[in-house]
Amino acid sequence: MKYMGSKRSMLLNGLGEVIASSAPKAVGFADLFTGSGTVACHVAERFSVPVLAGDLQKFAVALADSVVGRVSAVDSDNWIDGWFSEARMFAERSSSWKEAIRIQSRLATGDIGGLADESRELCRTHERPFCRAYGGWYFSPAQALILDGLRASLPPQADLSKVGLGALISAASTCAAAPGHTAQPFKANETAGPFLREAWRKDPLSSVSRVASELGQRYALTLGQSSIGPAAAHSRKLSEGWLAFLDPPYSSVHYSRFYHVLESLARGTVGDVSGSGRYPAPSERPASDFSIPTKAPSAFSSLFAELASVGADAIVTFPANGASTGISGDDLRDLASVHYSIVEEKVSSRMSTLGGNRTHRAARQNTVELILRLSPR
């Protein structure tokens, strides 16, 4: 799963040790901005504490729930074949399936600009909303139909459905014809055309199968839960002895702009979209006060106050040099110090910019992350 500011590397470089020193003694662990679910799953798999994973977006909650919401491994991969068979039949019932396959067969050597035009025309009035929204843009028509079929054919068994949806979202992220996130697809021009061709030739079924097989062997030691909603709402579910993990947004652009394709897939529905980014209406894209410079200080202050009032400890990660929201590490430290005693450390990290380029910014940047350990006064 490609995600901005993923904590995967930090877990191996300081953050994992900080969590390990506190999580085993906690009543529960709450990942209030779960994002890719990396930290929530890390804790659920290693410590016998219930994990609460919360986020504004369904795709993030689904990724976390694929591990946090299960307490046993999936014994066999046989179910994947049955799921794929139903998904193929669903895709093949589309009126455009044969034409989609014809376009797919020409991707290796055909003119990518012409194929992109054909694909977008084919999907422009498609009867399937997901294909109509994203076919010919982030996915080839055949890829879009297969992904749509997989979403419509998820197994009815709860654990298999959780694993399947998590694998589907991760695979869609890997296959999407975009620099990393899904804010803009690759253009079908001389510069980006080769990347579009490469992405459209990927096999979603192969990617989903690999991830589903891996996910099936992962599970929580203690059953947790995942829930959609703002961090403040989830913080009110906590009590004394809980450990909250806060990895808030770093960008003044709402994260829903970067992950709207994955969100549509997680929801299983998509309405009208517009522009080259294929964005849904603003009302369909969750907004966070933590990404709004004028509201972020108040949002942080309120969250720290809420967590302290219930007696929860907290771990906070944030770029030491600040974020585009105008919030700095010093600001966070000052806001938290009203309610908490603080132990601070800094670790080096490599952060994905998901879309950087060698001209303006690198795809991955060296950064220094601030880790604050908060204990109620």
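The values are calculated or read from the model by the stated rules, or taken from the named source; none is laboratory data. Owing to the predicted nature of the structure, the values given are computational and were not obtained by experimental measurement. Virtual Cβ from ideal backbone geometry, glycine too; neighbours counted across all protein chains shown. SASA here: full protein model, heavy atoms, side chains in, ligands and nucleic acids out. Shrake-Rupley method; radii C 1.70, N 1.55, O 1.52, S 1.80 Å.
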Query raised in the report: Within region 109-154, how many residues are part of a helix (DSSP H, G or I), under 19 Å from residue 93 (Cα atoms) and open to solvent by less than 20 Å² (accessible area, probe 1.4 Å)?
Result: 15
Report task. Go through (1) at pLDDT below 85; (2) open to solvent by 20 Å² or more (accessible area, probe 1.4 Å); (3) among the hydrophobic types (A, V, I, L, M, F, W, C) and name the single condition residue 287 misses. Result -> (1)
Report summary line: Expected output for region 131-151 (first residue in contact (Cβ under 8 Å) with a residue 12 or more places away in the chain, partner of a type in the set (Ser, Thr, Tyr) and crowded, with 24+ Cβ neighbours inside 10 Å, Cβ below 7 Å, 6+ apart or cross-chain) is 133/264; 135/119; 136/119; 138/182; 140/119; 141/119; 144/134
Query - Matching entry among 88, 102 (being in contact (Cβ under 8 Å) with a residue 40 or more places away in the chain, open to solvent by 10 Å² or more (accessible area, probe 1.4 Å) and assigned to a helix (DSSP H, G or I)) - result: 88
Query raised in the report: Taking region 245-265 as the search range and keeping residues that are part of a loop (DSSP other than H, G, I, E, B) and among the small types (Gly, Ala, Ser), which one is least open to solvent (accessible area, probe 1.4 Å)?
Result: 251
Query raised in the report: So which residues in region 39-64 are closer than 15 Å to residue 218 by Cβ and either open to solvent by 20 Å² or more (accessible area, probe 1.4 Å) or not in a helix (DSSP H, G or I) (or both)?
Result: 42, 45, 46, 47, 51, 53
Report summary line: The condition from (1) open to solvent by 10 Å² or more (accessible area, probe 1.4 Å); (2) touching a helix residue (DSSP H, G or I) at 6+ places or on another chain (Cβ under 6 Å); (3) closer than 17 Å to residue 142 by Cα; (4) not in a helix (DSSP H, G or I) that residue 177 misses is numbered (1)
Report summary line: Restricting region 199-236 to residues that are basic (Lys, Arg) and open to solvent by 80 Å² or more (accessible area, probe 1.4 Å), the one farthest from residue 315 (Cα to Cα) turns out to be 201
Query raised in the report: Out of all the residues in region 26-37, is one or more in contact with a Phe, Trp or Tyr (Cβ under 8 Å, 6 or more places away or on another chain), modelled with pLDDT of 95 or more, assigned to a helix (DSSP H, G or I) and surrounded by 17 or more Cβ atoms within 10 Å (Cβ to Cβ)?
Result: no
Report task. Output the number of the condition that residue 183 fails; it satisfies all remaining conditions of (1) open to solvent by less than 30 Å² (accessible area, probe 1.4 Å); (2) touching a residue at least 60 places away in the same chain (Cβ under 8 Å); (3) assigned to a helix (DSSP H, G or I). Result -> (3)
Report task. Residues being among the polar types (S, T, N, Q), in a loop (DSSP other than H, G, I, E, B) and more than 19 Å from residue 236 (Cβ to Cβ): count how many of those fall in region 288-344. Result -> 5
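Would you confirm, using the coordinates I've provided, whether residue 161 is open to solvent by 20 Å² or more (accessible area, probe 1.4 Å), part of a helix (DSSP H, G or I) and among the small types (Gly, Ala, Ser)?
Yes; evaluated as a whole, the condition is true for this residue.
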**Report entry** Odd one out for residue 162, checked against (1) more than 15 Å from the chain's Cα centre (by Cα); (2) under 20 Å from residue 34 (Cα atoms)
**Finding:** (1)
Query raised in the report: Taking only pairs six or more apart or across chains, which ones have beta-carbon atoms under 7 Å, a first residue in region 266-277 that is open to solvent by less than 30 Å² (accessible area, probe 1.4 Å), and a second residue that is charged (D, E, K, R)?
Result: 266/58
Query raised in the report: Only one of (1) open to solvent by 40 Å² or more (accessible area, probe 1.4 Å); (2) in contact (Cβ under 8 Å) with a residue 12 or more places away in the chain; (3) over 30 Å from residue 169 (Cα atoms) fails for residue 294. Which number is that?
Result: (2)
